[in-house]
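Here the structure is laid out as structure tokens; the discussion comes afterwards.
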Amino acid sequence: MIVAAHTAAGGFLGRLINPGSGREWTLTILLAAGSHILLDFLPQIGYTFDLHLRLIDLTGAVLIMLLMIKLVDFKKPVLIAGLAAAAPDIEHLLVDHTDIMSGRIFISHWNSFERIELSWQWGFTVEAGVIVLALTGIYLIERAC
């Protein structure tokens, strides 16, 4: 799953929970990070993880984060949950492009974790659907409040 989709899903969870107290913040961050595993189970793009595609993906994630922040009045939960959901993908950058880490920690990034990889077009359709659903959910929740 691309980072942009994880960011959108995490932002949606942040807006849905909209934490106010300490426990709610912990729950929000854990659910957002945990959503990463669930989204990695979905069929997705089978792109090779070269640095150029990662940078394009990260740029998309930043743009989605800016759009989500623009949609909501209370920005902190969306921002923090979006970052928490996307954070496990930093591992890819560290393992593949630096000497900081040599192995993967996050469960859905292990080589034994089977992914359903689709062609670029179908995988992008699934991932774009996740992004559209998350942004629509944020918009609708914000309009209802």
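The values are calculated or read from the model by the stated rules, or taken from the named source; none is laboratory data. Source: prediction; values computed, not measured. All Cβ positions, even for glycine, are placed from backbone atoms using ideal geometry, and neighbour counts span all protein chains on display. With ligands, DNA and RNA removed, areas are computed over all heavy atoms of the protein, side chains included. Shrake-Rupley method; radii C 1.70, N 1.55, O 1.52, S 1.80 Å.
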Quiz item: Out of region 134-144, which residues are in contact (Cβ under 8 Å) with a residue 24 or more places away in the chain and either open to solvent by 90 Å² or more (accessible area, probe 1.4 Å) or over 17 Å from the mean Cα position of the chain (by Cα) (or both)?
Solution: Y139, I141, E142
Quiz item: Is it the case that some residue within region 57-69 is in contact with a Lys or Arg (Cβ under 6 Å, 6 or more places away or on another chain), surrounded by 13 or more Cβ atoms within 10 Å (Cβ to Cβ) and either assigned to a helix (DSSP H, G or I) or not aromatic (F, W, Y) (or both)?
Solution: yes
Quiz item: Mind checking whether some residue in region 107-124 is within 16 Å of the chain's Cα centre (by Cα), surrounded by 14 or more Cβ atoms within 10 Å (Cβ to Cβ), modelled with pLDDT under 70 and not basic (K, R)?
Solution: yes
Practice problem: Look at region 1-19 and say how many of its residues are assigned to a loop (DSSP other than H, G, I, E, B) and open to solvent by 10 Å² or more (accessible area, probe 1.4 Å). | Solution: 3
